[in-house]
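Below is one structure; the comments refer to it alone.
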Amino acid sequence: MEYVGWRDVQSAMRYLDGADPFARQRIEASLPPATPPLLALAAPAPDPVPTTAVEATVTLTRFNSRVRGLAKAHRLIEQICLQPHQAQRLNTDGTRYRLAIAAVDEAAFEETIAMLLDEMHRIADNHQCFLAVALRDEAGERHWD
């Protein structure tokens, strides 16, 4: 009955025509007993995903002086690319940020960085802007452009 959207026998019986008033009782008697819904057990809490602090330097310039999408591109880069990584502005003009990138292992971390850079460049290109971005691990070990 659940397959067709009927919650119980009463909702199913509305669709059966019959002259016999006791047909419902016979049908109910032939059905298997309804199983109560199973209680869902709480899943164990997943291990916290380690985060890496990364400093981003973002410089956005127009392709030419007639391009008007610079402010919109900067806003979209902040909203779409940087906010999911808990971006904090380090200066007032919005060129330096501190990001917390969560990844379970080194390969996932590198993939996240690559996707972040690709998305930022795509947004800048769609708004006819040139993007120069540099990401640096705050531990000072790694650097991405």
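The values are calculated or read from the model by the stated rules, or taken from the named source; none is laboratory data. Predicted, not measured: the structure shown is a model, and the values here were computed from it. With ideal geometry, Cβ positions are generated from the backbone for all residues, glycine too; neighbour counts draw on all protein chains shown.
Here's the yes/no breakdown for (1) touching a Phe, Trp or Tyr at 6+ places or on another chain (Cβ under 7 Å); (2) over 22 Å from Trp144 (Cα atoms); (3) of a type outside the set (Phe, Trp, Tyr); (4) surrounded by 15 or more Cβ atoms within 10 Å (Cβ to Cβ):
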{"site": "Pro50", "(1), (2), (3), (4)": "no, no, yes, no"}
{"site": "Val54", "(1), (2), (3), (4)": "no, no, yes, yes"}
{"site": "Phe109", "(1), (2), (3), (4)": "no, no, no, yes"}
{"site": "Ile113", "(1), (2), (3), (4)": "yes, no, yes, yes"}
{"site": "Ile123", "(1), (2), (3), (4)": "no, no, yes, yes"}
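Determine, yes or no, whether Arg98 is out of contact with any Pro (no Cβ under 6 Å at 6 or more places or on another chain) and modelled with pLDDT of 90 or more. Against the criterion (out of contact with any Pro (no Cβ under 6 Å at 6 or more places or on another chain) and modelled with pLDDT of 90 or more), Arg98 qualifies. Taking the numbered list (1) more than 17 Å from the chain's Cα centre (by Cα); (2) among the β-branched types (Val, Ile, Thr); (3) loosely packed, with under 14 Cβ neighbours inside 10 Å in turn, Val58 passes all entries but (3). Across segment 113-145, the qualifying residues are those that are part of a helix (DSSP H, G or I) and of a type in the set (Val, Ile, Thr), and the one among them that is nearest to Arg98 (Cα to Cα) is Ile113. Collect the residues in segment 50-109 that are of a type in the set (Lys, Arg), closer than 17 Å to Leu131 by Cα and either assigned to a strand (DSSP E or B) or touching a strand residue (DSSP E or B) at 6+ places or on another chain (Cβ under 6 Å) (or both), keeping them in residue-number order. Hits for segment 50-109 are Arg62, Arg96.
In segment 71-112, what residues are within 14 Å of Ala53 (Cα to Cα), hydrophobic (A, V, I, L, M, F, W, C) and without any contact (Cβ under 8 Å) to a residue 40 or more places away in the chain? Within segment 71-112, Leu82, Ala87, Leu90 qualify.
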